[in-house]
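Notes follow the structure.
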Amino acid sequence: QVQLVESGGGLVQAGGSLRLSCAASGSIFSMNGMGWYRQAPGKQRELVARFSSVGYTNYADSVKGRFTISRDNGKNTVYLQMNSLKPEDTGVYYCKWEQPLTKTSYWGQGTQVTVSS
């Protein structure tokens, strides 16, 4: 079993910053495949940033230059540093791990991020 627990969401004004954390536990053997997704009201869940199965980073065009994904392998934790936040960044942010070998996906419960204008 894999458990993912997100934290760090909240309410922030436009231009502000937040850092999200996702603590992973259970049968995690690699932080490759970890990523952040978000879902705004009435919209589909979308990729924000992730580590590929071989460790490369991918970002949505809308967050490039503003968001940074990082990880602490010793703590089994992945972070999302979000700077210059915009109202359109509002949504529920989910942590996901895609098992690099089986491609099975595991999701966290999500954390709300609200950016006010």
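The values are calculated or read from the model by the stated rules, or taken from the named source; none is laboratory data. Everything quoted here is computed from the prediction, not taken from an experiment. Methodologically, a virtual Cβ is constructed for each residue, glycine included, from the backbone with ideal geometry; neighbour enumeration extends over all protein chains shown. Protein only, heavy atoms only, side chains kept; ligands, DNA and RNA dropped before computing areas. Shrake-Rupley method; radii C 1.70, N 1.55, O 1.52, S 1.80 Å.
Per-structure values
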| read-out | value |
| --- | --- |
| Single residue of the stretch 81-107 satisfying the filter (of a type outside the set (S, T, N, Q) and outside any strand (DSSP E or B)) that is modelled with the lowest pLDDT | P100 |
| Sole residue being buried (at least 20 other Cβ atoms within 10 Å of the Cβ) and touching a Phe, Trp or Tyr at 6+ places or on another chain (Cβ under 9 Å), chosen from I28, I69 | I69 |
| Residues that are touching a residue at least 12 places away in the same chain (Cβ under 8 Å) and open to solvent by 40 Å² or more (accessible area, probe 1.4 Å), drawn from the stretch 101-115 | Y106, W107, Q109, Q112, T114 |
| Residue satisfying condition, being touching a residue at least 60 places away in the same chain (Cβ under 8 Å), open to solvent by 80 Å² or more (accessible area, probe 1.4 Å) and not basic (K, R), within set L85, L20, L11, L4 | L11 |
